[in-house]
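The next block holds one structure in the form of structure tokens; read it before the comments.
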Amino acid sequence: MEEGPYKCVRDGNGTVNRVIRMGTRKSQLARIQTDYVAEKLKTLYPDVHLEIVAMSTIGDKILDTALSKVMYNYSITSISLSNRVDLVVHSLKDLPTTLPNGFTIGAVLQRESPHDAVVLHPKNSGLTLDTLPDGSVIGTSSLRRAAQLKKRFPHLEFKDIRGNLNTRLKKLDEKEDYAAIILAAAGLKRMGWEARVSQVLGPEDCMYAVGQGALAVEVRARDCDILEMVSTLHHSETVLRCIAERAFLRRLEGGCSVPVAVNTEVKDSVLSLTGAVYSLDGADSLKEAMETSVDPGNKLVSAADIQHVGVTAHNVPQCAQVAAEKLGVDLADLLLSKGAMEILTTARKLNDAR
């Protein structure tokens, strides 16, 4: 049955329950991530009926173009504007730092490992990026990864590879085109493929993407009941780390079309952020670090509907969120004062020309 703008169903006892429609991309990983969020919501709200709606994004349809040139999740957000779904589960790293009007990130779940991982071709079992033969081809869809690794491992060659995780692993295993591919460790873990990880890249080798490893739940800002429901999924430390990272990226006017990398940590109520920008070949780079206190002291959590780089987190102290956002902006400003925009502008132009 339908009641107003919301879909409802009757259970076996005749009770009318609200249906929450969850949007997801059609890939196996996207469905696993959405099911994970759904299970958490079912545990917290057993009377709510969840319905999962699979949708396609631009990135799912355009498979012959480099990922850095595709606005990956914009189309799934615009579909939700049509009221087909109530919320959408994303990998946070795929979401732009400025969301369409009327939308907000209502939950940022506890982060998995944000680091990148090396998956070797079976013939190279036991090797590492250091020990692969000269000229070995490494597949990656990320300008950020390629820029850092070209400088760190100059004996290797890097080539773009597209497709979801299943497709990329199939391309690796069934052909001789790649000696290894680089993937997000979190995605491999969620797929149950941790045994394929040959090497996890620490920040000394490859800093990670903004938001990498974290899941985000996007909702309409006006849907206060949905926003309140999903806000229970927020993980405070992850929220603060990702706000700082997203503020850093937004201030730099960056995105997947330019190589920007971060590393964050919260320890003893101190949030530290390291950020860097790179030329496409990794030859030019700027890297700096800053930290700030995110200790709320005696200040209460604010219920104000204030967004910080697209995130609405009622259950995280506003003063800590403000400090995290300021940290990202201040670090970006430091890099900009040292010439970061010139590096990024050149990188963007070169990428567009490819």
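The values are calculated or read from the model by the stated rules, or taken from the named source; none is laboratory data. What you see is a predicted model, and the numbers here were worked out from it, not measured in a lab. Note that each Cβ is placed from the backbone with ideal geometry, even for glycine, and that neighbours are counted across all protein chains shown. Heavy atoms of the whole protein, side chains included, go into the accessibility calculation; ligands, DNA and RNA do not. Shrake-Rupley method; radii C 1.70, N 1.55, O 1.52, S 1.80 Å.
Taking the stretch 193-207 as the range and being within 25 Å of Thr274 (Cβ to Cβ), in a loop (DSSP other than H, G, I, E, B) and under 20 Å from the mean Cα position of the chain (by Cα) as the test, the residues that pass are Val197, Gly202, Pro203, Asp205, Cys206, Met207. Scanning the stretch 188-202 for residues being closer than 11 Å to Ser113 by Cβ, open to solvent by 50 Å² or more (accessible area, probe 1.4 Å) and in contact with a strand residue (DSSP E or B) (Cβ under 6 Å, 6 or more places away or on another chain) gives a total of 1.
Counting only residues that are among the β-branched types (Val, Ile, Thr) and assigned to a loop (DSSP other than H, G, I, E, B), how many does the stretch 126-185 have?
Selection size over the stretch 126-185: 4.
Would you check which residues across the stretch 220-261 are among the basic types (Lys, Arg), within 16 Å of the chain's Cα centre (by Cα) and either surrounded by fewer than 20 Cβ atoms within 10 Å (Cβ to Cβ) or over 23 Å from Asp281 (Cα atoms) (or both) and list them? Those that are among the basic types (Lys, Arg), within 16 Å of the chain's Cα centre (by Cα) and either surrounded by fewer than 20 Cβ atoms within 10 Å (Cβ to Cβ) or over 23 Å from Asp281 (Cα atoms) (or both): Arg241, Arg246. Among the candidates His90, His49, the residue that is under 30 Å from Ala347 (Cα atoms) and at pLDDT 90 or above is uniquely His90.
Scanning the stretch 309-344 for residues that are under 23 Å from the mean Cα position of the chain (by Cα), part of a helix (DSSP H, G or I) and not hydrophobic (A, V, I, L, M, F, W, C) returns Gln318, Gln321, Glu325, Lys326, Gly328, Asp330, Asp333. Since Asp116 meets every condition but one in (1) farther than 30 Å from Leu233 by Cβ; (2) acidic (Asp, Glu); (3) crowded, with 22+ Cβ neighbours inside 10 Å, which condition does it not meet? The single condition Asp116 does not satisfy is (1). The set of residues in the stretch 243-266 that are touching a helix residue (DSSP H, G or I) at 6+ places or on another chain (Cβ under 6 Å) and not β-branched (Val, Ile, Thr) comprises Ala244, Ala247, Phe248, Arg251, Leu252, Cys256, Ser257, Pro259, Ala261.
Of all positions in the stretch 102-112, none carries a residue that is under 22 Å from Tyr36 (Cβ atoms), touching a residue at least 24 places away in the same chain (Cβ under 8 Å), outside any loop (DSSP other than H, G, I, E, B) and acidic (Asp, Glu). Against the list (1) modelled with pLDDT of 95 or more; (2) among the aliphatic types (A, V, I, L, M); (3) open to solvent by 40 Å² or more (accessible area, probe 1.4 Å); (4) not in a strand (DSSP E or B), the condition Ala289 fails is (4). Within the stretch 208-246, the residues that satisfy the criterion of being more than 29 Å from Ala147 (Cβ to Cβ) and not in a helix (DSSP H, G or I) are Val217, Val219, Arg220, Ala221, Arg222, Asp223, His234, His235. For Ala283, are the conditions met, namely being within 19 Å of the chain's Cα centre (by Cα) and not hydroxyl-bearing (Ser, Thr, Tyr)? Considered against the rule, which asks whether it is within 19 Å of the chain's Cα centre (by Cα) and not hydroxyl-bearing (Ser, Thr, Tyr), Ala283 comes out as no.
In the stretch 95-109 there is at least one residue matching the filter, namely being modelled with pLDDT under 95 and within 21 Å of Lys26 (Cα to Cα).
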